[in-house]
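> Mind looking over this structure? Questions follow.
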Amino acid sequence: MRTFNLTICLIISALRLAMPCPAALAQAAYGDDIAGELIQDTTWTGTCVLQGTVVVRPGVVLKIEPGTIVLMKDGASLAVYGQLLADGAESEPIRFTHHDDGVTWRQIVFVEADDSRLAHCIIEYADSEGAHQDYYEAGPRTYHEAVAVLASHVDMESCIFQNLPDESANAEGDAIAIISDDPDHPGDATANIRGCRFSSIGQGVHTRYSYVLVEDCFFTGKRGDNDDVDLWGESTPPPLIRNNLFLNPEHDDMINPTRCSAVIVGNVIAGSDDHGVVLRDRCFPVMINNLIYDCRNAGVAVENSCEALLVNNTIVDCGRGLRLFDLGRWGPPYRLTPGGGTATVVNCVIWDCPQPITLTDSSNTDIEDRGSHLTVRYCDIEGGRDGVSISGAHSTLTWQEGNMDAAPHFAGPDARDYHVRSEAGRWAPRAQSWVRDRVTSPCIDAGDPNANWTAELWPHGRRTNLGAFGGTPQASMSLSIAGSPADLNSDDAVDAEDLRMLGDLWLKDDVLLAEDINRDGVVNLPDFALFADDWRWER
Ligand SMILES: [Ca+2]
Ligand SMILES: [Ca+2]
Ligand SMILES: [Ca+2]
Ligand SMILES: [Ca+2]
């Protein structure tokens, strides 16, 4: 029954399969099921039952309507060589699920497909447990993830990955693989993964030599020897992991680029029994504006000849704040480059960690440089220079200007609010408003004078703050009134360009906008009055 029946497909094709499921002609051969190949553009709606491997041929477009339920029989797959446009809606998601209790389906795989989309889809009960280490060895590959993308581009928006492979307490099925180095289908694979939820599963996103944008996603309850975002190999551009929330997994690391110069920006990473972020092997990753707390082993690990740049991160309440070392694993299957970790740390706060920073030599005696190497400037490190522990004769610390050891005055560490206090104004995320404190944190305006402060709202002090919110609109306000509140683009002049910006957002009802000059949550006449006061201001 699973073999492809050309005659049936041609008949289906002749009728231009665009009908509610089950498809009438497919019923003749396969009962209520859809099976074989789609060789004509097709739209699915209602309830569809898939069995075996359903193939979307090259050049064929499969559309799936909002609210469609795709019931996958035991071991069923959807293999897309053409294009899949599964556009659910928030109120009418598309559900890819199993046909019967107790069975699992195999996979949605894209192979040299046309640009495809999964939006508002729920993906569950796929048989997707397995180890990404399987892909380290040369030879044929079997991808185990629920969604595998080979040499294709797929946008995934507002999707939910859950119950992989089932709802049991130790289920650790993996969600997504984006693969550019498949031996049979090599070629750039890319994905934009936005607003998705990864709930109590194994690995979330795995890449090999692939660009991904992972943005505004929520990862929680992860299980097993899996990382939420596991990136392997370089790509152009490098992966961008931005504004995600990683919360309370039970095990393992949250973000782990290996030999991958990923850009990791604006994430909240909290509650791991291992590391928050692991930066591994020969690569040059960058971390900016991340808040990392409650990671038992370390907030950030830099390993095996990785050279990392850490700017404006807050790392707090972790076993170690930052850890530079050689993990080993030089042989197969990992084959990591021997060597310590190297990091340049600027505008960061590391606080309330039993060991703020540790550097360890590599135990590999065959390499020229066995040291871990750290450069620190404009940082607030608990214990100051003594907060850096160095073990081994080869590791080095370069302690530069602007560092301090001063209580950062977090707003509410018990409530995990790590904005720093200010008499001039502090953003209160729960209240979504600005509040004033009785103390002002020394982290305000303490950043590298050359760092870009211009996204901070006035009064910004014309200098970036330390920590995760420094250099962002959520930066705590300065006691200095340098600059002008009407200089909306921070170019040291109030002119027609600022007026245009004010006009563009006129009556906009939103917070954290420079145009909302009185910071009351709406851009309107009182803001224009303040703007007019400073019209033609120039520094
Ligand atoms: Ca896994
Ligand atoms: Ca500032
Ligand atoms: Ca301006
Ligand atoms: Ca206003």
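> Quick one: if the Förster radius is 56 Å, what FRET efficiency do W399 and D184 give, using the C-beta to C-beta distance and rounding to 0.05?
The calculated FRET efficiency here is 0.60.
> Right, here's the next one. Separation of the range 506-533 and the range 306-340 by C-alpha centroid, Å?
44 Å
> Tell me the relative contact order for the chain as a rounded percent, counting alpha carbon contacts under 8 Å between residues six or more apart.
5 percent
> Could you give the length gained on full extension between R197 and L507, defined as 0.36 nm per residue of separation minus the Cα-Cα distance, in nm?
This chain segment gains 108.3 nm when fully extended.
> Now for a separate question. R0 = 25 Å: FRET efficiency of A529 with R500, Cβ-based, nearest 0.05?
0.90
> Once you have the Cα-Cα distance between E423 and D386, take 0.36 nm times their residue separation minus that, and quote the gain in nm to one decimal.
Result: 10.3 nm gained on full extension.
> Under 18 Å Cα-Cα from K222, which lysines qualify once same-chain neighbours fewer than 8 residues away are excluded?
none
> I'd like the FRET efficiency for A89 and F218, computed as 1/(1 + (r/R0)^6) with the beta carbon distance as r and R0 of 25 Å, rounded to 0.05.
0.80
> Please report how far the C-alpha centroid of the range 123-168 lies from that of the range 172-241, rounded to the nearest whole angstrom.
9 Å
> Separate question: Under 14 Å from the 7 Å Cα→Cβ point of E250, by amide nitrogen: which residues of the range 168-183?
Those under the cut-off are 168-173.
> Place a point 7 Å from the Cα of Q432 along the Cα-to-Cβ direction; which residues of the range 489-527 have their backbone N under 20 Å from it?
Residues 505-525, 527 qualify, since their backbone N sits under 20 Å from the label point.
> Using a simple spin-label model with points 7 Å from Cα along the Cα→Cβ vector, what separation in nm is obtained for D155 and D520?
3.8 nm
> I would also like to ask the following. Please tell me the relative contact order of the range 493-539 in percent, rounded to the nearest whole number, where contacts are Cα pairs under 8 Å and at least six residues apart.
For the range 493-539, the relative contact order is 41 percent.
> Could you please rank L499, L479, L279, L457, placing first whichever residue has the fewest other Cβ atoms within 10 Å of its Cβ?
In increasing order of surrounding Cβ atoms, one gets L479, L499, L457, L279.
> Can you give the net charge of the other residues whose Cβ lies under 11 Å from the Cβ of G470, counting K and R as +1 and D and E as -1?
So the environment of G470 carries a net charge of -3.
> Rounded to the nearest 500, what is the 222 nm mean residue ellipticity of the chain from helices alone, with -39500 (n - 2.57) per DSSP H run of 4+ residues and division by all residues?
-1500 deg cm²/dmol
> Continuing with this model, one more query. Which cross-chain or sequence-distant (5 or more) residues have an amide H under 5 Å from the amide H of W506, H modelled 1.01 Å from N in plane?
For W506, whose amide H was placed from the backbone, there are no distant partners under 5 Å.
> Find how much the distance from S168 to T142 grows on full extension, using 0.36 nm per residue of separation minus their present alpha carbon separation; answer in nm with one decimal.
Answer, rounded to one decimal: 6.9 nm.
Throughout, read-outs are computed from the coordinates displayed, never taken from laboratory work. Everything numeric here is computed off the predicted structure, so don't read it as measured data. FYI the Cβ positions are ideal-geometry reconstructions off the backbone, even for glycines, and counts take in every protein chain you see.
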